[in-house]
Every structure is written in C-alpha cells, then in structure tokens.
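Asks: My questions will all concern the structure given below.
Taken together, the values in this text are just the output of simple stated rules run on the coordinates, not laboratory data. Just so you know, these numbers come straight off a predicted model, no measurement behind them. We place every Cβ from the backbone using ideal geometry, glycine too, and count neighbours over all the protein chains shown.
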Amino acid sequence: MKLLELRHLSTHYVSARGARVTRAVDDVSLTVGEGETLGIVGESGSGKTTLALSLLRLLPPAARIVSGEIWFEGEDLLTKSHREMRRVRGKRIAMILQDPLASLNPLFTVGDQVAEPLRVHEGASRGSAWARARELLRAVRIAAPETRVREYPHQLSGGMRQRIVGAIAISCGPRLLIADEPTTSLDLTIQAQYLQLLRDLQRDRGLSMIFITHNLGIVARMCDHVAVMYAGRLVEAGPVARIFSSAAHPYTQALLESIPRMADGRKRLTAIDGQPPDPVALPPGCAFHPRCPKVLDRCRKEAPPEVRVAASHTSRCWLAS
Amino acid sequence: MKRFIVKRLGFAVISLFLLSLTIFVFVRVTGDPAVLLVEPGASAADLAAIREQFGLDRPLWVQYGSFLAHLARGDLGQSFYYKTDVLELYLSRLPSSLLLAAVAMTFSLVIGIPTGVIAAVRVNGWWDSAGKVFALLGLSLPSFWVGLLMILFFSVYLGWLPSSGSGTVWHVLMPAFALGWYFAAAHMRLTRSSMLEVLGSEYVKLARLKGLPEALVIAKHALKNALIPVLTLAGINLVLMINVAVVVETVFAWPGIGRLLYEGIAFRDFPVVQAIVLLGGAMIVAVNLVVDVLYAVIDPRIRYER
Ligand SMILES: Nc1ncnc2c1ncn2[C@@H]1O[C@H](COP(=O)(O)OP(=O)(O)OP(=O)(O)O)[C@@H](O)[C@H]1O
Ligand code: SF4
Ligand SMILES: [Mg+2]
C-alpha cells in the first residue's frame, strides 16, 4: 500500500450563481510511496495548488471536490469528518504555502507560531512546546534560536521566515510534506539553500514529499517521480529518470526542450509557443491540441485516455495509445 | 516625515480658519439676539443698548477681527445668555458628553464587533443577511426617531427607564443607545469587511493547515488582526460622538455639549455656538491628523508617496 493514493480526483471552482465552472483538477490519479518525493510541474493555473489543497480539504469557498478518493495511510480522507480532518492537518500531512512570507501572522511571536501545532496536536505545555520550537529553529538552521523565538515576523529576513514556515511544517513529525514552491522567489542562493534544507529534512526524517514547481531543473535534483499537469489534468507521470530520457507526451517534451532556456532557473514554463488555455472554456478533445506540434485529427474531438506507456509511466496522449 | 507633518498642520489651520469664518457668518444669519435678551415690550433704545453692549453694532468685519484676536489669546468670549465665560460653560458640560460618548461607544462595539464577526464567518448566509438589514437600519434610521421609539416603549409603555435628564445609571442607557446605534452599524460593517479580508489571508490559511480548531483560528489569528482598523475608526468615532450628539441630547434633555449647542442656537447665543463648533472642528481635525501621522509612521508607502 502506498502512503498516498489519489483516485480520479476532480475539484472544480464554481462561480457565485454556478454560471462558470473551472475544472481546476480533473480526474487526477497518482501515488506517493513512503520516503518518496513526487514533483508536480505545470504552467501557472494548471491546478497544482488546487490539487494540494484538495488533499488537505482546505479549499477556498468556491471550490468543490466533485469526485474521487484520497487514500492516505489506508483511509479515504474524503470520508472523514471535519474533526478528524483537523487531526490530519499539521500532524500527518503538512504543507508549506506558496507565499511563505505572508503566511506568518504579524501579531504573534515566532515561538508562539512554531509551538502552536505542538500544543494543539500533542497537548504540550507552553514550556515544553517552546523548548521544542527552539530545537526546530535549530533544525532549519536559524542562528540564535533563543532570541529568534521571541521576535516578530517583521524582524526577520525573508529567507528566515521561509525556513520558519518549514519548521512549522515539520513540527509534529508529519508523514507527508507538501511544498508549494514560491513563484516570486527570493534571491537565488537563498532559494538554493532552502531547497537543500528541504531535501535534507526529507532524508533525515524519512518524509514523503510532494514538491510543486514550475521548474523541471529543480525536479531533476529533488524528486524521484514527476507528474506533469496541463489544464487541470495529469498529462504524464513517471520516474524522473524515465521521463527525462523518454517523455511520451508532446507537452512534456516541449517542457524538456525549454530547460536550457531556463538556465538561470527562474523563467517560467511559458517558454512554450502559444497561450495557456482559458480554464473556463477549455478546447474540446485534448486540451493541449491548439499548441501541440504533433496534433492529429482525433485530438480535436476526443480527449485521450490515460494509458500506461511502461511500468509506472503513464501518458494522456493519442500518440501513446 | 517632518515635511509631511508640517504640511498636514498647515491644512488643519486653514480648515479651522475657514470653519471659523463660516460659523461666524452663519450664526449672524439666524437673526438678532437682542430681541431674545430683552423683556417683552422693550423699546428700540433698549435693543440698541444691548447690541452695543455685545459689540453687535459694529461692522461685521470688525466683529470678526475682534473675534479672531480674542481667539488667538485663547479667549472664546462671554455667553450672551449665561453671562459667563464660554470656555467654563463648555468645560462644565464636557463630562456629561464624555460619559454619554463612552457608554455609546461601549454599546456600539459590543454590538458591532460580534455581529460583524458572525457576518464574516457566515458570509452570504442567514446571519450575514440579517446583519446587512441591521446595518442598513442603523445607518438610515435617524437617531431622534430611535430615541423617540425607545422613550415610547421603555418609558411610556413599560415605565422602566426615565425618559429624560441625568444623574443615575438608568438615565444614560437610552440616550447612549440612540447615539451608539448608528455607530454600531458602522463598526459592524467595518468589522465584517476587515474580517473577510483577514480570513482570506495566507496566515489564516496556515493556521488552518496547522490543524487548529476553527474557533481558535477565528478568535486568535483572524480577529486580532481584523480589529486594528476597527479600533482606529472607533477612536475617531469617539471624538465624533462627543460633538454630534445634539439631537440625542436634546431629545433626552441630556446636559452635554450637544444640548448646550442647541440652546445656543435657540437663544442666538453667538459666542456659545461659535465656540462649540470651533472646538468640535478642532478635535476632529486633530484626531484625523494624529491618525494620518500614525499611519504614515507605520506604513512606509504612505510616508514616501506624499
Ligand atoms: N479561489 C478561486 N476561485 C476561482 N477560481 C480559482 C480560484 N483559485 C484558483 N482558481 C482557478 O483554478 C485554476 C488552477 O489554479 P491553481 O492556483 O491551482 O494553479 P497553480 O497551478 O497553482 O498556478 P501557479 O503556478 O500560478 O501557482 C486556475 O485557472 C485558477 O484561475
Ligand atoms: S492527444 Fe493529440 S493534441 Fe494532445 S498531446 Fe497528444 S498528440 Fe498532441
Ligand atoms: Mg499555485
């Protein structure tokens, strides 16, 4: 049994009077094993964050999980009550939000915010939770934790705040850590240090991780498996080495070709020709067809099914079936 | 920063000067105070004597110049009617106004903040709609009308509360509620919108991601942040309450500044009206100045834009 298994998960955003429906996550199935790191890549708006928030059932009010199953440690999270779900969040599955700098509360000290999950999930006393908070700050390589715990977020640098959010995420020893990579990233060296830190934490603690990014270069360094999203669908998934050597989907191939042009590691995946699709009015058939260099006639009418290309390598493309 | 403060001070002085001119002209349009100060059937000579006594026989611009000259020395003049120093009169009424404003503020916060929080937490739900109706009523029903309704119900029909005057705790309840009613609605609306903004923030999302109970997320992480603008507004409103209670104080015969202003207008007691309007204006200008400066100190974007 895998640690996490998504089966045909679909999450839609429905506008106020139900007039517009965005299929932000559409029939996504994937798995994450113990101690594995899965990279999720895709253009802006492809549904990566929505997918992650669906796992935790912490979606914005307009979102609905319309179908699917989320199996985690042998339980379907979608059948859990709100109370039970609360005990999963922060304790068994933790997430680092896309904007780590805005995710600390300006009115409370760092120590309070790092100690909070320990107090809520483990009933730790204030003293012992704060002692653990200092250890956690040390674990994310923050100097002088004794003074830092008493400071407020605005007194810390961006890099420090990012690592404190990391410390909060690992505080209760979760089995799965989801890290949504910042799109407006900090300085490159700080970013590299942060990625290194995440990888070290993952190895030391035997965490499973889902790493969300725009950057295939980072996937190559951080992940065991990769899943490529396009317009809410998982278009290709498989082991990193396999995808990098023999991608089956034209979109993945285009992403791989654009890597050299992203040498500085900062450019987005929009280096591919054509516009990303309008999520409210997706093209019929394969959503990628207006931009696909290998488009066939049937691509315009029928959506391709997910097919197995090789062991644990799947693709959603007519060329593969 | 210094330039910013100097500039704002300059604006404040100009607005107070314009206010003094406006109110000076305005009171004189209401009529001749001498008529109200003499015995019925007094002769034209008596009237002229009174006008001369108060300097009302001089040309308007001379009167205004002398008013400003006294003002510069901190002298607000003598009341025509009470024949005492206006400032003394004002200060003797101030405690009543402060008490009324403090109780009204308490009402407005105790009603406005919880209803605003509930409306935001249950946005678009039943509670939110009820809150919107309440806000609409609060902002549109005139306070004298609310006051009269309360007098009818609590004093005339139930006989529980005194309908006018002051002296006991019971006396302050109805006027404070009538005055606080409007502000409760304003505080509710701001609490709601401020809460909605905070509830959509990343730090509230993180608080939920930590697995905190929803009550803790709202009471600790959201509310504390959402209250900052509400309490700022409450500070400004407290000053407003002291100065705009004319109608409520008149309806309930509450001996505060508002009632003094009403009497001043009724008796054409020019120095009293001028003093109250100017002091009220000065308070409002000052509190706005303080808030602007505080915001500029807190938020560097405001500081450098101006
Ligand atoms: N609160 C919302 N209400 C309505 N639609 C939304 C909302 N949040 C996201 N969407 C839509 O859902 C789709 C997926 O958004 P999502 O944030 O999951 O993308 P993403 O892959 O995380 O993008 P990015 O790389 O920019 O973070 C987008 O089309 C977006 O417009
Ligand atoms: S299904 Fe057709 S359009 Fe879509 S990616 Fe494959 S070849 Fe291109
Ligand atoms: Mg995102």
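Asks: Extending each Cα 7 Å along its Cβ direction at B:LYS2 and B:ASP85, get the distance between those two points in nm, one decimal.
Replies: Here the modelled spin labels are 3.6 nm apart.
Asks: Something else: What does the structure give for A:101-110 when I average, per residue, the other chain Cβ atoms found within 10 Å of the residue Cβ?
Replies: Numbers: counts 1, 5, 8, 3, 12, 5, 7, 6, 0, 0.
Taking the mean over all residues of the peptide, I get 5.
Asks: Same structure again: Within the stretch A:22-49, find all residues whose amide N lies under 16 Å from a label point positioned 7 Å from the Cα of A:ARG205 along Cα-to-beta-carbon.
Replies: Of the residues in the stretch A:22-49, A:34-38 have backbone N under 16 Å from the label point off A:ARG205.
Asks: To continue, here is another question. Rounded to the nearest 20 debye, what is the charge dipole size of the protein assembly as shown about its Cα centre when +1 sits on each Lys and Arg Cβ and -1 on each Asp and Glu Cβ?
Replies: Numbers: 67 positive and 50 negative charges, 333 e Å.
Taking the Cα centre of the protein assembly as shown as origin, the dipole is about 1600 debye.
Asks: Calculate the tail of P(r) for chain B: the fraction of all Cα-Cα distances greater than 37 Å, expressed in %. List each step's numbers first, then the result.
Replies: Working: 14728 of 46665 pairs.
Pairs farther apart than 37 Å: 32 percent.
Asks: Rounded to a whole number, what is D in µm²/s for chain A from Stokes-Einstein with the Kirkwood radius over alpha-carbon pairs (37 °C, 0.692 mPa s)?
Replies: On the way: Rh = 20.6 Å.
It diffuses with D of about 159 µm²/s by this estimate.
Asks: Follow-up question, since we're still on this one. On C-alpha positions alone, give me the angle between the axis of helix B:60-72 and the longest principal axis of chain B, in degrees, nearest 10.
Replies: Compared with the principal axis, the helix lies near 60 degrees.
Asks: Okay, moving on. Mind checking the mean number of beta-carbon atoms from other chains within 10 Å of the Cβ atoms in B:189-201?
Replies: Working: counts 0, 0, 0, 0, 0, 0, 0, 0, 0, 1, 1, 2, 5.
Mean number of neighbouring Cβ atoms from other chains: 1.
Asks: Could you work out the mean count of beta carbons from other protein chains within 10 Å of each residue's beta carbon in A:156-167? Walk me through the intermediate numbers first.
Replies: Values: counts 0, 0, 0, 0, 0, 0, 0, 0, 0, 3, 0, 0.
Other-chain Cβ atoms within 10 Å of each residue's Cβ, averaged: 0.
Asks: How much FRET efficiency would the formula 1/(1 + (r/R0)^6) give for A:PHE244 and B:LEU18, where r is the Cβ-Cβ distance and R0 is 60 Å, rounded to 0.05?
Replies: Numbers: r = 74 Å, r/R0 = 1.23.
With a Förster radius of 60 Å, E is 0.20.
Asks: Starting with the fewest neighbours, write out B:ASP46, A:ASP278, A:ASP224 ranked by other beta-carbon atoms found within 10 Å of each beta-carbon. Provide the component values of the computation, followed by the final result.
Replies: Numbers: B:ASP46 14, A:ASP278 11, A:ASP224 17.
Ordered from fewest to most neighbouring Cβ atoms within 10 Å, B:ASP46, A:ASP278, A:ASP224 come out as A:ASP278, B:ASP46, A:ASP224.
Asks: In the calculated pair distance distribution of the stretch B:154-303, what percentage of Cα-Cα distances lie above 18 Å?
Replies: Within the stretch B:154-303, distances greater than 18 Å cover 70 percent of Cα pairs.
Asks: Further question on the same structure: Assign unit charges at the C-beta atoms only (+1 for Lys and Arg, -1 for Asp and Glu), then state the dipole size of the stretch B:1-62 relative to its Cα centre in Debye, rounded to the nearest 20. Mind dumping the intermediate values first?
Replies: On the way: 7 positive and 5 negative charges, 185 e Å.
Taking the Cα centre of the stretch B:1-62 as origin, the dipole is about 900 debye.
Asks: Over all directions, the average projected area of the alpha-carbon convex hull for the protein assembly as shown comes to how many nm²? Can you show the working numbers first?
Replies: Details: hull surface 154.4 nm².
Over all viewing directions, the protein assembly as shown projects a mean Cα-hull area of 38.6 nm².
Asks: Name the residue from B:PRO142, B:VAL110, B:LEU98 whose Cα lies farthest towards the positive end of the charge dipole of the protein assembly as shown, charges +1 on Cβ of Lys and Arg and -1 on Cβ of Asp and Glu.
Replies: B:VAL110
Asks: Working only with C-alpha atoms, what are the Rg and Dmax values of the stretch B:3-102, expressed in angstrom?
Replies: 17.3, 60
Asks: Let me ask you something else. Taking the Cα centre as origin and putting +1 on Lys and Arg beta-carbons and -1 on Asp and Glu beta-carbons, what dipole magnitude results for the stretch B:40-199, to the nearest 20 debye?
Replies: Using only the charged Cβ atoms, the result is roughly 420 debye.
Asks: Starting with the highest mean, order A:14-26, A:45-57 by the number of other Cβ atoms within 10 Å, averaged over the residues of each peptide. Don't jump to the answer; show the numbers that get you there.
Replies: Details: A:14-26: 15.4, A:45-57: 22.6.
Going from most to least packed, we get A:45-57, A:14-26.
Asks: In addition: Take the residue pairs A:LYS2/B:LYS210; A:LYS2/B:LYS220; A:LYS48/B:LYS132; B:LYS7/B:LYS224; A:LYS91/B:LYS220; A:LYS80/A:LYS301 and return only those whose Cα atoms are more than 31 Å apart. Write out the running numbers ahead of the final one.
Replies: Details: A:LYS2/B:LYS210 24 Å; A:LYS2/B:LYS220 37 Å; A:LYS48/B:LYS132 37 Å; B:LYS7/B:LYS224 33 Å; A:LYS91/B:LYS220 20 Å; A:LYS80/A:LYS301 38 Å.
In this structure, A:LYS2/B:LYS220; A:LYS48/B:LYS132; B:LYS7/B:LYS224; A:LYS80/A:LYS301 exceed 31 Å between Cα atoms.
Asks: Continuing with this model, one more query. Tell me the angle of helix B:2-29 to the major Cα principal axis of chain B, expressed in degrees between 0 and 90 and rounded to the nearest ten.
Replies: With rounding to tens, the tilt is 50 degrees.
Asks: Now for a different question. What number does the stretch A:1-66 give for Rg over Rh if you use C-alpha atoms and the Kirkwood radius? Write out the running numbers ahead of the final one.
Replies: Numbers: Rg = 12.9 Å, Rh = 12.8 Å.
So for the stretch A:1-66, dividing Rg by the Kirkwood Rh gives 1.01.
Asks: Same structure again: At 4 °C and 1.567 mPa s, what whole-number value in µm²/s does Stokes-Einstein give for the translational diffusion of the stretch A:120-209, with Rh from the Kirkwood sum over Cα pairs?
Replies: Working: Rh = 13.9 Å.
In µm²/s, the coefficient is 93.
Asks: Project the alpha carbons of the stretch A:1-145 onto their principal axes and report the range along each, largest first, in whole Å.
Replies: So the three principal-axis extents are 50, 36, 30 Å.
Asks: Another question, if that's okay. Rounded to the nearest 10 degrees, what's the angle between the helix B:169-199 long axis and the longest principal axis of chain B, both from Cα atoms, 0 to 90?
Replies: Around 40 degrees separate the two axes.
Asks: Viscosity 0.692 mPa s, temperature 37 °C: give me the Stokes-Einstein translational D for the stretch B:79-160 in µm²/s, with Rh taken as the Kirkwood radius over C-alpha pairs. Walk me through the intermediate numbers first.
Replies: Numbers: Rh = 16.1 Å.
Rounded, D is 204 µm²/s.
Asks: Same structure, new question: Picking from A:TYR13, A:ALA192, A:GLY127, whose Cα lies most toward the positive end of the charge dipole for chain A (charges on Cβ: Lys, Arg +1; Asp, Glu -1)?
Replies: The residue sitting most towards the positive pole is A:GLY127.
Asks: Taking +1 at the Cβ of each Lys and Arg and -1 at the Cβ of each Asp and Glu, which of B:ALA72, B:ILE5, B:LEU56 sits farthest along the dipole of the stretch B:1-81 towards its positive end, judged by Cα position relative to the Cα centre?
Replies: Sorting the options by dipole projection puts first B:ILE5.
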